[in-house]
């Protein structure tokens, strides 16, 4: 909530808007509590490889140092989660030793909003080095649904889950979509600052829809709103297809004025829902979520075959 958006000093606002300390402290406290972790010498907080983490977890970060997207997981079969290298030498920079809170913080370090997260690898050894990370949402994986499918099925990752619409269910949850349509736009309106302001979100939104389309094409889409008027939604009844690689559900409310009106929420201001730091309007955001869920989330139908 509001506590996470602590305004940075005026000088620092040339680089980012909010301090990261409140979020970092909250992640340290809550993750350690959830995992039942007790601090010990040299390891004050739970790591990615903590035994208390009883589920497969994947996070997407952007490594600014290497200019590459970094999907990081606690998959025990992952190449960089091995404590011994292929040549038999110890892997001093095993990802499982990284603080979990720091990876989560790095995956949410939205540029211009929060400072980047500097993560130290092989800490305390002769091979110690650092990488600078920001929010993975600024890569093409702002919607990581297909990436998650890829990680659990592709041979290099070593998880090797079986495919099939009756064997694997991918549930993708968005934060709301609203195209930045400018119907009165003129060619002369496009200049350097306009491009700098709008191109990043344009690329991210196109990537989100692209991966959504890919999932609906090779998966059995049980629910999802219309992506565009040509593609539609490709939604079918569970079990009505053959040869699909997984079942797929996409929840992502339309938060344009028209979409909110269809939800019976014409009194909610669409502008309030499009700002990442819209802390003054949390109640409105929650109202959209609960209303959308009550109207569209059908557990028995969408999750059929994967319950109990």
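The values are calculated or read from the model by the stated rules, or taken from the named source; none is laboratory data. Computed from a prediction, not measured in an experiment: that's the story for all the values here. Every residue, glycine among them, receives a Cβ derived from its backbone with ideal geometry; neighbour counts consider all protein chains shown.
Remarks
- The strands (runs of 3 or more DSSP E) found wholly in segment 53-132 and carrying at least 1 residues that are surrounded by fewer than 16 Cβ atoms within 10 Å (Cβ to Cβ) and touching a strand residue (DSSP E or B) at 6+ places or on another chain (Cβ under 9 Å) occupy 68-73, 117-121.
- Qualifying residue in segment 278-293 (condition: surrounded by 15 or more Cβ atoms within 10 Å (Cβ to Cβ) and either in a loop (DSSP other than H, G, I, E, B) or free of Cβ contacts under 8 Å to residues at least 12 places away in the same chain (or both)): yes
- Conditions (1) surrounded by fewer than 18 Cβ atoms within 10 Å (Cβ to Cβ); (2) over 17 Å from the mean Cα position of the chain (by Cα); (3) under 17 Å from residue 144 (Cα atoms); number of the one not met by residue 210: (2)
- Residue check, residue 172 in contact with a strand residue (DSSP E or B) (Cβ under 9 Å, 6 or more places away or on another chain), outside the structural domain of residue 287 (by TED's automatic domain parsing), surrounded by 12 or more Cβ atoms within 10 Å (Cβ to Cβ) and closer than 17 Å to residue 60 by Cβ: no
- For segment 249-271, the tally of residues that are without any contact (Cβ under 8 Å) to a residue 60 or more places away in the chain and surrounded by 16 or more Cβ atoms within 10 Å (Cβ to Cβ) stands at 4.
- Residue 164 satisfies every condition listed in (1) modelled with pLDDT under 95; (2) on the phi > 0 side of the Ramachandran plot except (1).
- Positions within segment 147-158 being part of a loop (DSSP other than H, G, I, E, B) and either closer than 24 Å to residue 210 by Cβ or outside the structural domain of residue 256 (by TED's automatic domain parsing) (or both), in sequence order: 154
- Number of positions in segment 82-106 that are closer than 16 Å to residue 51 by Cβ and over 21 Å from the mean Cα position of the chain (by Cα): 3
- Residue in segment 232-243 that is exposed (fewer than 15 other Cβ atoms within 10 Å of the Cβ), in the same structural domain as residue 166 (by TED's automatic domain parsing) and within 21 Å of residue 207 (Cβ to Cβ) present: yes
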